[in-house]
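K.L.:
Got a structure for you, questions after.
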């Protein structure tokens, strides 16, 4: 089945034909690690995780790189606010990001480079751009000369002359900036560091790379000068991805990427969820109430190019709906291998129809919303199936295709989350205290022993009763 993708560059759907047969080179812009990840980040990384999984399931040999920006103005400014070094801050939130992605069952990419690991390569990249006449040094900064790249604006459908006019109006009172740049729309490749600020030695003085530069450099050194898929949020189309194209294609004289895919925002009351607006829910907070599968299903029930309107009520509705799939998946038992499982011709026919419908949806620009609707229909059919062997076979098919969407289908219906668990422990300890007050020591000891067996250490003291996990 031919896969079609919506290419932001052409503005239309195209057949997906990799540069080198079945080999796919894929790059996603990762996080800038200065705070906890929120649902907007979860959507982006879940979507590209599913694209990665589906391409592999379709027989492609995918090499996937997703970067981490661990040096940036946002990181430096946040580090100053909290009174720690930017390196420490970036390290802290890198670990938090990894934890959140693992919790959401987002697969690790083949490569996950950090910006600070590629400083030497970035400096060399800038030097080559200067040698080719596409960049210039000015007061310790280095800027890309946008006028040297005639196709600037092709990804974001921007007209260079209009951009120049708008930029001139914006900087009319910024004399220092105007004096440094040849044209106001030129963007920084290298930024000089202030006294005592994080920076690296370079031919232009101590400084740090511009944000746009790191992705172009990492792509070149990890994947090559031209790749198949470059993906990210729609807020990156312009100027970030536009600038990547300019600097990479000016240097290499070939397309940076054949296909550009971009996902829509998570919105709250039609406003983008973001850290700068302060209207975000962290992944960590959401996971205290909702399962990873619930969050993934909520994200994937909307086509990736469309915005999602987020409310806790809509997430709760997703949580209720997923029970239908969990019930059907439970018939797979502990086996995840359908080889040798017998099923009737009717059951085989239903399963084949589901597989065809699922793949058709996913091959149509990764339409997870339609794929999930087929997943629910198949689950409902399984739940109505009376024959045990048929049910078992179909459940295995369901689990396999759910895994392409990154759904673990871990049944948590009999599990409790930490806040509720804590309250139940407190309730049992209150009952134990009442039993002791009534001199019912047998019940008191039984409650304590039962909690110990469950991994809860109960500690009596003059100050009262406390507990902790063993």
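K.L.:
Say we look at the range 346-369 and pick out the residues that are free of Cβ contacts under 8 Å to residues at least 60 places away in the same chain and within 24 Å of the chain's Cα centre (by Cα); which of these is farthest from residue 333 (Cα to Cα)?
P.N.:
361
K.L.:
Residue check: is residue 227 crowded, with 21+ Cβ neighbours inside 10 Å, modelled with pLDDT of 95 or more and under 22 Å from the mean Cα position of the chain (by Cα)?
P.N.:
yes
K.L.:
Can you name every one of the strands (runs of 3 or more DSSP E) wholly within the range 52-164 that holds 2 or more residues which are crowded, with 18+ Cβ neighbours inside 10 Å and touching a helix residue (DSSP H, G or I) at 6+ places or on another chain (Cβ under 6 Å)? Working first, answer last.
P.N.:
Numbers: elements: 61-66, 135-138, 141-144.
Ranges flagged: 61-66, 141-144.
K.L.:
Now a separate question. Exactly one condition in (1) in a helix (DSSP H, G or I); (2) more than 27 Å from residue 17 (Cα to Cα) is not met by residue 403; state its number.
P.N.:
Against the list (1) in a helix (DSSP H, G or I); (2) more than 27 Å from residue 17 (Cα to Cα), residue 403 comes up short only on (2).
K.L.:
In addition: Consider residue 23 against the criteria (1) surrounded by 15 or more Cβ atoms within 10 Å (Cβ to Cβ); (2) at negative phi: it satisfies all of them except one. Which criterion is unmet?
P.N.:
Looking at each condition in turn, residue 23 falls short on (1).
K.L.:
Please indicate, with yes or no, whether at least one residue in the range 330-350 is assigned to a helix (DSSP H, G or I), touching a helix residue (DSSP H, G or I) at 6+ places or on another chain (Cβ under 9 Å) and within 25 Å of residue 303 (Cβ to Cβ).
P.N.:
No: zero hits.
K.L.:
Here's something else I'd like to know. Tell me which residues, restricted to the range 301-315, are touching a helix residue (DSSP H, G or I) at 6+ places or on another chain (Cβ under 7 Å) and in a loop (DSSP other than H, G, I, E, B).
P.N.:
Listed by number, the residues that qualify are 301, 302, 303, 304, 310.
K.L.:
Identify all residues within the range 19-37 that are over 23 Å from residue 151 (Cβ atoms) and assigned to a loop (DSSP other than H, G, I, E, B); write none if there are none.
P.N.:
Within the range 19-37, 21, 22, 30, 31, 33, 34, 35, 36, 37 qualify.
K.L.:
For the range 337-347, indicate whether the set of residues that are modelled with pLDDT under 95, surrounded by fewer than 15 Cβ atoms within 10 Å (Cβ to Cβ) and either under 28 Å from residue 103 (Cβ atoms) or assigned by TED's automatic domain parsing to the domain that holds residue 445 (or both) is non-empty.
P.N.:
Within the range 337-347 (the criterion being modelled with pLDDT under 95, surrounded by fewer than 15 Cβ atoms within 10 Å (Cβ to Cβ) and either under 28 Å from residue 103 (Cβ atoms) or assigned by TED's automatic domain parsing to the domain that holds residue 445 (or both)), the answer is yes, since at least one residue qualifies.
K.L.:
Of the conditions (1) at pLDDT below 95; (2) buried (at least 18 other Cβ atoms within 10 Å of the Cβ); (3) within 30 Å of residue 325 (Cα to Cα), residue 429 clears all except one; give me its number.
P.N.:
(3)
K.L.:
Related question: Identify all residues within the range 197-215 that are closer than 12 Å to residue 123 by Cα and crowded, with 21+ Cβ neighbours inside 10 Å; write none if there are none.
P.N.:
202, 207, 208, 209, 210, 213, 214
K.L.:
Looking at the structure I just gave you, is residue 293 at pLDDT below 95, more than 25 Å from residue 155 (Cβ to Cβ), in a helix (DSSP H, G or I) and over 14 Å from the mean Cα position of the chain (by Cα)? Before the answer, list the steps.
P.N.:
Working: at pLDDT below 95: no; more than 25 Å from residue 155 (Cβ to Cβ): yes; in a helix (DSSP H, G or I): yes; over 14 Å from the mean Cα position of the chain (by Cα): yes.
No: the conditions fail for residue 293.
The values are calculated or read from the model by the stated rules, or taken from the named source; none is laboratory data. Here the structure is a predicted model, which means the values were calculated and not measured. Cβ atoms come from the backbone with ideal geometry, glycine included; neighbour counts cover every protein chain shown.
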